[in-house]
1. Holding the Cα-Cα limit at 21 Å, pick out from A:K20/A:K213; A:K12/A:K87; A:K116/A:K213; A:K12/A:K243; A:K152/B:K97; A:K12/A:K152 the pairs that are longer than that.
2. Over all directions, what mean area does the Cα convex hull of the range B:110-218 project, stated in square nanometres?
3. If exposed trypsin sites (Lys or Arg not before Pro) are those in a DSSP loop with at most 14 other Cβ within 10 Å, what is the longest stretch of chain B that has none?
4. Work out the mean other chain Cβ neighbour count within 10 Å for the residues of A:158-166 and drop it here as an integer.
5. Identify the chymotrypsin sites (Phe, Trp or Tyr not before Pro) of the range A:7-56 meeting these criteria: DSSP loop state and at most 16 other C-beta atoms within 10 Å of the C-beta.
6. Looking only at Cα atoms, what is the convex hull volume of the range B:124-168 per residue, in Å³?
7. Looking only at other chains, what is the average number of their beta-carbon atoms within 10 angstrom of each beta-carbon in B:210-220?
8. So, taking all protein chains as they sit and a 1.4 Å probe, how much accessible area belongs to B:L203, in Å² rounded to tens?
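The values are calculated or read from the model by the stated rules, or taken from the named source; none is laboratory data. The model shown is predicted, which means the values in this text are computed figures rather than measured ones. Heads up, the Cβs are rebuilt from the backbone with ideal geometry, glycines too, and the neighbour counts pull from every protein chain shown. Heavy atoms of the whole protein, side chains included, go into the accessibility calculation; ligands, DNA and RNA do not. Shrake-Rupley method; radii C 1.70, N 1.55, O 1.52, S 1.80 Å.
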Amino acid sequence: MWDFLHKYSSPKHFYSLAGKLIPWFGWSCLILMLAGLYYGLFVAPPDYQQGESYRIMFVHVPAAWMSMFIYMVMAVAGGIGLVWRIKLAEVIAASSAPIGASFTFLALVTGALWGKPMWGAWWVWDARLTSELILLFLYLGVIALNSAIEDKRTASRASAVLALVGVVNIPIIHYSVIWWNTLHQGSTITKLAAPSIHISMLIPLLLMAVAFKLYYATVVLIRARNEVLDRERHTMWVQELVKN
Amino acid sequence: MFAFYTLLKRDLTLAYRHRSELANPLLFFLIVISLFPLGISSESKALQGIAPGVIWVAALLAAMLSLDSLFRSDFEDGSLEQMALSGHSLPVLVLAKVLAHWLITGLPLIIVAPFLGILLFLPEQAMSTLIVTLALGTPVLSLVGAIGVALTVGLRRGGVLLSLLVLPLYIPVLIFAAGAVNEAARGFPVAGQLYFLAALLTLSLTLSPFATAAALRISIS
């Protein structure tokens, strides 16, 4: 087990393994996303209250899930890098931050587009919107700190500390904002017993959620490969790779 | 424990020798607050409504701007490195420095806040709540801010970055503190918000020195 981990967490093996995995993730992401979009946009019935405009949910909800999921990945990877000094974990954390920030931004923009016809305003100071906005600020802080420190490994460790502090703070921020104000519609999926979403809408939503996860896996591997090359540019294997 | 008192005494003495710098965050606090009546309206009704938020936002900014002095000079002359190498527990030393910093910058804010409340026509029944929220909240600002300073102390231009890192983390304090003062101004009970602030203080008091120490070790490595 440990041998396996050591082998594949070495930058060189990661580089070739990731190169093999990327097409698999990429193609399955594309297929699932097309299927999800087809079911979501054409097959699923219009909502009895919100009409057609609810369909943006199929992008909005997975993007919002991803925004939180990637923050957790980033913090856990950063923590692993901080404790065990595994280079690969630092690379994954550093490559995840911009993707997570993009998903957060996407969730905010699609939310605004949906909010205009539904609530009559692009933006309201509702609890979930506000905590998503603050999550975006936290991401931007991590990215800014990461790029401000020149030494890459120091930068990774510093942003890992910041990401972990953020993880402790996210629930506090989330609940304090909820206490402050709430208008957003309640969660409709997590109630396991009887979800208040119809199965014809749930299937495309879950398809899209898996597709977004695969998209993240694809992009993070591509970014991590580049990051590995950049960080290891003085080593033999990278120079041989570049020469060939 | 002895190291804690020694460092506390040293930082307070250093601050006392640079008395003129002590007034700066306080003046900033004062000026920001006097800008609001000029920018919004001099009517007591309008100011009364925004007073708790304005005072707290100004306190947040004043606390953040004064943070830079927390580790800067010690980092530049190398004494921070010596502290990290000294064999004393770094989180305890950090706690001493943060306490000294709060006594220098946070405590004066609490003392002048009632006068600023009068300037903004804050109702008298909210005055005691304002003081209590500041007493519970400003230590949290110093403790959480210390993590941000520790991360950016090695950078030449850390100022703007620091605000980007620290201000989102200040939001819960702002929500509960300004909320409590608002409620008190309307004559509602505020015990709930005060308990939340006390919980935040306890949490940051127990966790932040460790995070700050870890961040300092990264910055001086």
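1. The answer is A:K116/A:K213; A:K152/B:K97.
2. 7.4 nm²
3. Working: sites that count: B:R156, B:R157, B:R186.
Between exposed loop sites, the widest span is B:1-155.
4. Details: counts 10, 3, 2, 10, 8, 0, 3, 12, 3.
Mean shielding by partner chains, rounded to a whole number: 6.
5. Details: sites: A:Y8, A:F14, A:Y15, A:W24, A:F25, A:W27, A:Y38, A:Y39, A:F42, A:Y48, A:Y54; in loops: A:Y48.
Hits after loop and neighbour filter: A:Y48.
6. In the range B:124-168, the Cα convex hull volume per residue is 76 Å³.
7. On the way: counts 0, 5, 2, 0, 7, 5, 0, 2, 11, 5, 0.
Counting Cβ atoms of other protein chains within 10 Å of each residue's Cβ and averaging gives 3.
8. 70 Å²
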